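Okay, structure first, notes after.
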Amino acid sequence: MIRDQDTQRLLLDTVTRFVRERLIPAEEEVAETDRIPDAIVAEMREIGFFGLTVPEAYGGFGLTMEEEVELTFELTRASPAFRSIMGTNNGIGSQGIVIDGTPEQKDKWLPRLASGELIGSFALTEPGSGSDAASLTTTAKLDGDVYVVNGTKRYITNAPEAGLFTLMARTDPAQKGAAGVSAFIVEAGSPGITVGKPDRKMGQRGAHTADVIFENCRVPVGNLIGGREGQGFKTAMKVLDKGRLTIGAACVGAASRMLDDTLAYTLSRKQFGEPIANFQLIQAMLADSQAELYAARSMIVDAARRRDDGQDVSIHASCCKMFASEMCGRVADRCVQAHGGAGYISDYPIERFFRDVRLFRIYEGTTQIQQLIIGRALAKRGSAMTY
Ligand SMILES: Cc1cc2nc3c(=O)[nH]c(=O)nc-3n(C[C@H](O)[C@H](O)[C@H](O)COP(=O)(O)OP(=O)(O)OC[C@H]3O[C@@H](n4cnc5c(N)ncnc54)[C@H](O)[C@@H]3O)c2cc1C
């Protein structure tokens, strides 16, 4: 749902200009230094990028899902690292509180997440628990008016920058699965938390992940999200349903950038006396990419509208995440191919994007996990979704 076309147009124009004038020109520096310049982060804060999805009552823009995906299509035409630094505040790092937090928790934390004063991170994955997230072993044991947390979280986006973690931990060790898991808000500076060295990654330089180790970390009872034990896994899944639509939108943005760059290259590169864009085999790659890009964009807008409408979109979100991330991988591969040797050389953005977008098929639920979610739901229904 777009609440006000004029305001949305204004916001989209601001993002488009910011991407063109500030982000794309800084991409190489970010890739070389593995750091987003402070000035750019400050501008992002000023424009309000950290609070796009936080409700207006807490200082954010309170974007609807449709407004958010439209904005993400534009924003993610620049390197994914730029989305990553503000992405957790708009997604997995804030939505646990937005969706299931108590009024006190919202009052206390959301304004600081919306302003970007705090960076929020989402700590679910562990060394022994990735796709099988419900098997997590980090424990939170009640001791008077605090929970004592012990365990290690792995690959946590923005952990080195984080001021606040949404942490999933087991409060009931007798319950081995999802039912024993609770979600907490944990301040990064709390005693007993160590953030590991940033991981060395295949791509997305400028976006950082690290281990987060909890050793007898004492978390106030008031930081249990929603004030109820045993709800944490459900909270995490609600957060991820929304996140999967945003990741899908990021895949559309990245794919449209790669296709644009490739069009420019194939129109200027000549072989056999003419631009290679004139060759039908190159056009086939461009056409397949365009058609798939359009399909991904359309399904994401549809799912976003349904979510705004109050429908349960968990299957739609998995379809979107799976299709859009796989589409993005195929587009990246074709675009490298259409660049020929240049596609393998780091002077061209496509080489970097090829590595950057590989992540989309892995995090927030791999393609195989999306297949399982969709497949199981279909088997349960016994019929195709008729929309
Ligand atoms: C850069 C990066 C950022 C990340 N950010 C975060 C973050 O902010 N917060 C967070 O909590 N996590 C984060 N993650 C973790 C990410 O969500 C997990 O890596 C992902 O869910 C996969 O888990 P895994 O790595 O343990 O792989 P595994 O679960 O070990 O999977 C390995 C392979 O087995 C397949 N597989 C697993 N189970 C099945 C099955 N039942 N059937 C078929 N195939 C199966 C998978 O699809 C995959 O191909 C991040 C990861 C990366 C790399």
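Condition first: in contact with a Ser or Thr (Cβ under 6 Å, 6 or more places away or on another chain) and either over 29 Å from residue 325 (Cβ atoms) or not in a strand (DSSP E or B) (or both). Can you find one or more residues in region 110-119 that meet it? It would help to see each step written out before you state the result.
Filtering region 110-119 for residues in contact with a Ser or Thr (Cβ under 6 Å, 6 or more places away or on another chain) gives 113.
With the extra rule that they be either over 29 Å from residue 325 (Cβ atoms) or not in a strand (DSSP E or B) (or both), the set shrinks to 113.
Yes, region 110-119 has at least one match.
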Looking only at region 160-192, count every residue that is within 13 Å of the ligand (Cβ to nearest atom), open to solvent by 10 Å² or more (accessible area, probe 1.4 Å) and not charged (D, E, K, R) and tell me the total. 2
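Condition test on residue 241, is it open to solvent by 20 Å² or more (accessible area, probe 1.4 Å), within 12 Å of the ligand (Cβ to nearest atom) and among the acidic types (Asp, Glu)? Show your work before the answer.
Numbers: open to solvent by 20 Å² or more (accessible area, probe 1.4 Å): yes; within 12 Å of the ligand (Cβ to nearest atom): no; among the acidic types (Asp, Glu): yes.
So residue 241 fails the test.
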Has region 92-105 got any residue that is of a type in the set (Ser, Thr, Tyr) and in contact with a Lys or Arg (Cβ under 9 Å, 6 or more places away or on another chain)? no
Quickly run through region 135-150 and pick out the residues that are open to solvent by 20 Å² or more (accessible area, probe 1.4 Å), within 15 Å of the ligand (Cβ to nearest atom) and touching a residue at least 40 places away in the same chain (Cβ under 8 Å). 135
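Quick check, is residue 269 basic (Lys, Arg) and surrounded by fewer than 22 Cβ atoms within 10 Å (Cβ to Cβ)?
Numbers: basic (Lys, Arg): yes; surrounded by fewer than 22 Cβ atoms within 10 Å (Cβ to Cβ): yes.
So residue 269 passes the test.
Search region 367-387 for residues being open to solvent by less than 30 Å² (accessible area, probe 1.4 Å) and within 12 Å of the ligand (Cβ to nearest atom), and hand back the single one that is nearest to residue 330 (Cα to Cα). Break it down into steps so the answer makes sense when it comes.
Of all residues in region 367-387, those open to solvent by less than 30 Å² (accessible area, probe 1.4 Å) come to 367, 370, 374, 377.
Among the residues that remain, those that are also within 12 Å of the ligand (Cβ to nearest atom) are: 367, 370.
Numbers: 367: 14, 370: 18 Å.
Across region 367-387, the extreme among qualifying residues is 367.
Which members of region 113-125 meet the condition of being near the ligand (Cβ under 8 Å from one of its atoms) and either surrounded by fewer than 23 Cβ atoms within 10 Å (Cβ to Cβ) or more than 16 Å from the chain's Cα centre (by Cα) (or both)?
Quick first cut of region 113-125, residues near the ligand (Cβ under 8 Å from one of its atoms) only: 121-125.
Selection gives 125 alone.
Which one is most open to solvent (accessible area, probe 1.4 Å), of the residues in region 193-227 that are away from the ligand (no atom under 13 Å from the Cβ) and without any contact (Cβ under 8 Å) to a residue 40 or more places away in the chain? It would help to see each step written out before you state the result.
Of region 193-227, the ones away from the ligand (no atom under 13 Å from the Cβ) are 193-194, 196-197, 213-227.
Applying the additional criterion that residues be without any contact (Cβ under 8 Å) to a residue 40 or more places away in the chain yields 193-194, 196-197.
Values: 193: 28, 194: 64, 196: 23, 197: 175 Å².
Among those residues, the one meeting the criterion is 197.
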Selection from region 1-21 of residues that are at pLDDT below 95 and β-branched (Val, Ile, Thr): 2, 7
Going through region 364-387 in order, the residues found to be within 26 Å of the chain's Cα centre (by Cα), small (Gly, Ala, Ser) and outside any helix (DSSP H, G or I) are 365
Subset of region 236-271 (residues that are more than 20 Å from residue 360 (Cα to Cα) and polar (S, T, N, Q)): 262, 266, 268, 271
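Does residue 24 qualify as being open to solvent by 20 Å² or more (accessible area, probe 1.4 Å), among the hydrophobic types (A, V, I, L, M, F, W, C) and at pLDDT 95 or above? Let's see the steps before the verdict.
On the way: open to solvent by 20 Å² or more (accessible area, probe 1.4 Å): yes; among the hydrophobic types (A, V, I, L, M, F, W, C): yes; at pLDDT 95 or above: yes.
Taking the combined requirement at face value, the residue satisfies it.
Name the single residue, out of those in region 273-329 being within 26 Å of residue 64 (Cβ to Cβ) and of a type in the set (Phe, Trp, Tyr), that is most open to solvent (accessible area, probe 1.4 Å).
So in region 273-329, the residues within 26 Å of residue 64 (Cβ to Cβ) come out as 292-325, 327-328.
Then drop every residue that is not of a type in the set (Phe, Trp, Tyr), which leaves 294, 323.
Numbers: 294: 154, 323: 64 Å².
Restricting to residues being within 26 Å of residue 64 (Cβ to Cβ) and of a type in the set (Phe, Trp, Tyr), the top hit is 294.
What are the residues in region 231-281 that are over 30 Å from residue 171 (Cβ atoms) and among the β-branched types (Val, Ile, Thr), if any? Talk me through it step by step, then tell me what you get.
Within region 231-281, the first condition is being over 30 Å from residue 171 (Cβ atoms), and the residues that meet it are 248-281.
The answer is 252, 262, 266, 276.
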Residue list for region 67-85, filter: closer than 16 Å to residue 245 by Cβ and aliphatic (A, V, I, L, M): 69, 71, 75
I'm checking my understanding of the structure. Among residues of region 337-366 that are farther than 25 Å from residue 266 by Cβ and not β-branched (Val, Ile, Thr), which one is farthest from the ligand (Cβ to nearest atom)? 361
Is there a residue in region 268-278 that is touching a residue at least 60 places away in the same chain (Cβ under 8 Å), touching a Ser or Thr at 6+ places or on another chain (Cβ under 6 Å) and among the hydrophobic types (A, V, I, L, M, F, W, C)? yes
Could you check region 1-21 and list, in sequence order, the residues that are loosely packed, with under 14 Cβ neighbours inside 10 Å and touching a residue at least 24 places away in the same chain (Cβ under 8 Å)? 1, 3
Counting just the residues of region 70-105 that are within 16 Å of the ligand (Cβ to nearest atom) and not in a helix (DSSP H, G or I), which one comes out nearest to residue 158 (Cα to Cα)? 93
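The values are calculated or read from the model by the stated rules, or taken from the named source; none is laboratory data. Just so it is clear, the model here is predicted, and its values are computed rather than measured. For neighbour counting, all protein chains shown are included, and Cβ atoms are generated from backbone atoms with ideal geometry for every residue, glycine included. These accessible areas exclude ligands, DNA and RNA; they are computed on the full protein's heavy atoms, side chains included. Shrake-Rupley method; radii C 1.70, N 1.55, O 1.52, S 1.80 Å.
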